[in-house]
1. Restricting attention to the stretch 289-299, and to residues there that are touching a helix residue (DSSP H, G or I) at 6+ places or on another chain (Cβ under 6 Å) and either part of a loop (DSSP other than H, G, I, E, B) or not charged (D, E, K, R) (or both), which single residue is farthest from A212 (Cα to Cα)?
2. Tally time: how many residues in the stretch 190-215 are at pLDDT 80 or above and crowded, with 17+ Cβ neighbours inside 10 Å?
3. Which of the helices (runs of 4 or more DSSP H) contained wholly in the stretch 35-153 include at least 3 residues that are within 25 Å of L271 (Cβ to Cβ), at pLDDT 85 or above and of a type in the set (A, V, I, L, M)?
4. Need at least 3 residues that are surrounded by fewer than 24 Cβ atoms within 10 Å (Cβ to Cβ) per element, so show me which helices (runs of 4 or more DSSP H) inside the stretch 227-286 make the cut, counting only ones lying wholly within it.
5. All but one of (1) assigned to a helix (DSSP H, G or I); (2) modelled with pLDDT of 75 or more hold for A23; which doesn't?
Amino acid sequence: MFGTFASIATAIFIEAMPFLVIASLFSALIEVFVSTERLLRWLPKSVPGGLIAGILGGFLIPTCECGVVPIVRRLILKGVPPFIAVAFMLAAPIVNPIVLVSTYIAFRGSATMVVARIGVAAVVALAVALYVRRLAEVVADDPATARYDHGHDHASQTVYEKVRAVFSHAAAEFMYMGRFLVIGCLAAAAFKTLLPEDGMSIFTDNAALSIAGMMLLAILLCVCSEADAFIAASFQTVTAGARLAFITLGPVVDLKLIGMFLATFRKRVVLALVLIPIPLVFVLSWLLEYSGWLSGVMR
């Protein structure tokens, strides 16, 4: 049994690790080389344009949920409208190219799952961003938020210093996110190894329970979005809608994110960031499952 457990955990980790390395490097490049002031000049002035820019920003700035919170806080403090920043924060960990490619590979070339993941993420990002737009204050004054902000000024550094900073940030981010990936791999392997096959029948036969169970697992496991598709795909006995719920809720709400939210945003914003996505992901995943739209996804 232990051999099976180790083989499954190792296989999932080896599949997911390259994407985690690439994502860490991209995040470090953004930290060192991207000018926030330049981004401000490019932002649309209208609300619809701002929402679209926030969501599409994830395609241009690959970052996972672990790194996006301090980036968003920094953007807001430098004058980016909070609703645009929040839309970016919720969409970027899902719609960025690295995550989309990893999802496509994990689900054996399923474009359906990739499109469904983008669609659910966009709806969640829009809903929360529109709520945040009504709030006067978003970012908390708690100085503890500084621990999530690197606080380095890279503009005045030499090229050599910037290259060193890129590798330093990439290594730190990989080590931070890698532990959550390892926990996720071990949990998925234990789940597949220890749970009797007939014990999954209640989830296999009931779409609502299957989706709710995988959503709870996503919140508890705290798996990075660059790797979560491989873990979700390994749960082949649950419904496709449940696996979709896992990979769309986890990058938006999990235990590590809730802690970062509490240290960064005001309480009303934190409540919105937690309470709006959960029912939306459940309903949208169930509708896509019930409609048969996910019927072609690998099982």
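The values are calculated or read from the model by the stated rules, or taken from the named source; none is laboratory data. This structure is a prediction, so every number in the text was calculated from the model and none was measured. Ideal geometry is used to build each Cβ from the backbone, glycine not excepted, and the neighbour counts take in all protein chains shown.
1. Here the answer is G296.
2. Adding up the residues that qualify gives 7.
3. Correct list: 47-60, 82-95, 111-132.
4. Hits in the stretch 227-286: 255-264, 267-275.
5. Among (1) assigned to a helix (DSSP H, G or I); (2) modelled with pLDDT of 75 or more, A23 violates only (2).
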